[in-house]
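Notes follow once the structure below has been shown.
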Ligand code: IPM
Ligand code: MN
């Protein structure tokens with residue numbers, strides 16, 4: 001098969017980890033006789049520096065014309081400490097999600113047998129964990145009306161959801177649950193928030209269409225606690241944008257390193273794949289960042305965007321083998337030999 005893939009490396013360690021995912025994807029393509037054409041495009045602080053905005057139209061055109069988007073990370077410290085900056089790299093990410101219609105962010109959390117001891121949580125708690133968050137990505141407080149009043153002394157961010165936004169996300173959740181453990185947890189704060197009551201009411205009304213799925217409704221504060229106590233009791237979790245942002249960072253700890261967790265953002269047409277970690281500015285250019293989350297995002301791309309399960313499995317096997325053999329970056333080296341970002345990428349590609 002032939003694919004065009006938009007390549008949005010972004011900021012910080014983005015370009016370094018993306019380079020490894022490209023190397024690994026090319027190795028897979030060679031092995032299975034596919035042809036990938038990479039279409040690099042600007043985003044994030046790198047795009048602000050070059051053309052004055054974080055998600056330029058030219059980048060959007062390239063994404064629209066591609067079969068999938070592979071994304072690194074965005075964010076630069078020069079904007080973090082300047083709340084008055086007129087344009088921020090993160091705006092590019094939000095604009096991209098909205099314009100590409102990526103309303104569902106799929107964030108799996110699973111454990112690696114060889115890393116069970118690396119998690120700060122006890123082995124018996126995390127063993128067998130295999131859950132997926134479906135985070136709503138283009139609505140809620142991230143996109144509601146925001147502003148200042150009273151001469152800047154009062155600030156507000158509105159959280160708004162329509163029934164249709166909840167339905168389309170929940171539908172993906174039910175469908176995903178049907179392919180897995182048939183359990184769905186709706187995470188909300190329905191004891192306080194009106195938007196959460198709309199979520200709950202909407203999901204309840206959909207239950208009859210999926211009689212095989214066992215649905216639970218849990219408050220977000222309780223999930224934050226249960227997630228680290230009994231992560232292996234969950235299967236598919238659906239939630240709104242901000243709750244999902246927070247809980248998926250928390251969930252990444254279960255696997256042992258944030259540098260391992262991939263994600264996919266899907267919607268009506270386009271699909272985007274990215275590591276869940278950020279741009280890790282302190283590590284930029286040092287060849288120390290863990291490329292595995294991006295490499296595993298490429299595996300998700302083969303599986304979800306192109307329907308190529310075997311290709312994805314080959315990548316996952318190579319990553320598992322690297323972890324078992326200690327071919328890891330410093331975040332996982334634990335006093336042992338730490339390999340560079342590039343060396344891990346080379347090893348994975350060679351083993352494919
Ligand atoms: C994420 C990130 C983004 C978000 C930031 C960079 C805007 O934290 O993808 O989880 O909050 O969605
Ligand atoms: Mn986040």
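The values are calculated or read from the model by the stated rules, or taken from the named source; none is laboratory data. In this text the structure is predicted, and so the values were computed from the model without any measurement. When we count neighbours, we look across all protein chains shown, and the Cβ atoms used for this are built from the backbone with ideal geometry, even at glycine.
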Next on the checklist: Condition (residue is crowded, with 22+ Cβ neighbours inside 10 Å, more than 24 Å from residue 169 (Cβ to Cβ) and in contact (Cβ under 8 Å) with a residue 12 or more places away in the chain) applied to the range 96-111: is it met by at least one residue?
Outcome noted: yes
Checklist entry - Hey, does the range 72-92 have a residue that's over 28 Å from residue 242 (Cβ atoms) and in the same structural domain as residue 271 (by TED's automatic domain parsing)? => result no
Next on the checklist: Residues to consider are 224, 251; find the one that is modelled with pLDDT under 95, within 19 Å of the chain's Cα centre (by Cα) and in the same structural domain as residue 172 (by TED's automatic domain parsing).
Outcome noted: 251
Next on the checklist: Among the residues that make up the range 183-201, is at least one of them within 16 Å of ligand 1 (Cβ to nearest atom), modelled with pLDDT of 95 or more and farther than 14 Å from residue 105 by Cα?
Outcome noted: yes
Checklist entry - Can you name the condition, by its number, that residue 279 falls short on among (1) outside any helix (DSSP H, G or I); (2) within 15 Å of ligand 2 (Cβ to nearest atom); (3) within 19 Å of residue 169 (Cβ to Cβ)? => result (3)
Checklist entry - Which residue, of 272, 242, is within 12 Å of ligand 1 (Cβ to nearest atom), buried (at least 24 other Cβ atoms within 10 Å of the Cβ) and within 22 Å of residue 173 (Cβ to Cβ)? => result 272
